[in-house]
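Colleague: Starting off with a structure, shown below.
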Amino acid sequence: GGHRVVGEAVDAWDVMEQGWAQERARLAGMEALWDEGTVDVLTRCGVAPGSRVLGAGAGGGSTVRWLATQVGRVGRVLAVDIDARFVAPLASDVVQVCEVDVVTGDLPVAQFDVVHARLLLEHLREPAAIIRKLRAALVPGGRLVLADYDWSGFGFESDEALSTLGTDGLLSFMATADVDGTLCHR
């Protein structure tokens, strides 16, 4: 329950401006920044031919595309996102794409060697509950790979009023979109 397999274009989700005309470009920028490190970590976590991997918050799909090449024809990648329009074209014999809200939807239990989520938790009100759900998707001995920002130390070196105003403004803006910058401090 709580998800549907995606095979065609889907309506945009509006919380973080996924309907914005430049959303794909925004995601590409994040991919350019994060992909090299993600590939390194996932390789060290043992992603290899035959691996079963869940990609939660699959976004633009660059990690899903890379995972599909690594798990080979005997592996499996399940890519889930609340707005799966950018990963839907990656569906294949190896990659299953499902539109899932990880907060309210169900995820498979005890089926994956690796579960990966990048820049997902900071957008969710109950990250601890989502972490438990992601962990439950792992087989015994599986690896949970989470990558998110820690905004708690964000600020400028200057104590000038303008710098403080800029910092407070950015963090307030992020809070209006339910971005939680304190994940590392829970």
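Colleague: Which ones in the range 79-95 are touching a residue at least 40 places away in the same chain (Cβ under 8 Å) and assigned to a strand (DSSP E or B)?
Modeller: Within the range 79-95, just Val80 meets the criteria.
Colleague: Now for a separate question. Return a yes/no flag: does the range 71-78 have any residue that is touching a residue at least 12 places away in the same chain (Cβ under 8 Å) and within 16 Å of the chain's Cα centre (by Cα).
Modeller: First, pick out the residues of the range 71-78 that are touching a residue at least 12 places away in the same chain (Cβ under 8 Å): 71-78.
Add one more test, that the residue is within 16 Å of the chain's Cα centre (by Cα), and what stays is 77-78.
Looking for residues that are touching a residue at least 12 places away in the same chain (Cβ under 8 Å) and within 16 Å of the chain's Cα centre (by Cα), one finds at least one in the range 71-78, hence yes.
Colleague: Of the conditions (1) within 16 Å of the chain's Cα centre (by Cα); (2) closer than 13 Å to Asp113 by Cα; (3) touching a residue at least 60 places away in the same chain (Cβ under 8 Å), Ala56 satisfies every one except a single condition; which number is it?
Modeller: (2)
Colleague: Here's a follow-up. For residues that are touching a helix residue (DSSP H, G or I) at 6+ places or on another chain (Cβ under 7 Å), open to solvent by 50 Å² or more (accessible area, probe 1.4 Å) and more than 20 Å from Glu126 (Cβ to Cβ), tally how many sit in the range 93-109.
Modeller: 0
Colleague: Which one is farthest from Thr69 (Cα to Cα) among residues in the range 96-145 that are touching a Pro at 6+ places or on another chain (Cβ under 9 Å) and in contact (Cβ under 8 Å) with a residue 60 or more places away in the chain?
Modeller: Leu121
Colleague: Check Arg52, Arg44, Arg76 and return the single one that is at pLDDT 90 or above, over 19 Å from Leu146 (Cα atoms) and either buried (at least 23 other Cβ atoms within 10 Å of the Cβ) or not aliphatic (A, V, I, L, M) (or both). Give the steps one after another, and end with the answer.
Modeller: On the way: Arg52 fails: over 19 Å from Leu146 (Cα atoms); Arg44 fails: over 19 Å from Leu146 (Cα atoms).
Going through Arg52, Arg44, Arg76 in turn, the sole match is Arg76.
The values are calculated or read from the model by the stated rules, or taken from the named source; none is laboratory data. All values reported here derive from a predicted model rather than from experimental measurement. Virtual Cβ from ideal backbone geometry, glycine too; neighbours counted across all protein chains shown. Please note that ligands, DNA and RNA were not included when accessible areas were found on the heavy atoms of the full protein model with its side chains. Shrake-Rupley method; radii C 1.70, N 1.55, O 1.52, S 1.80 Å.
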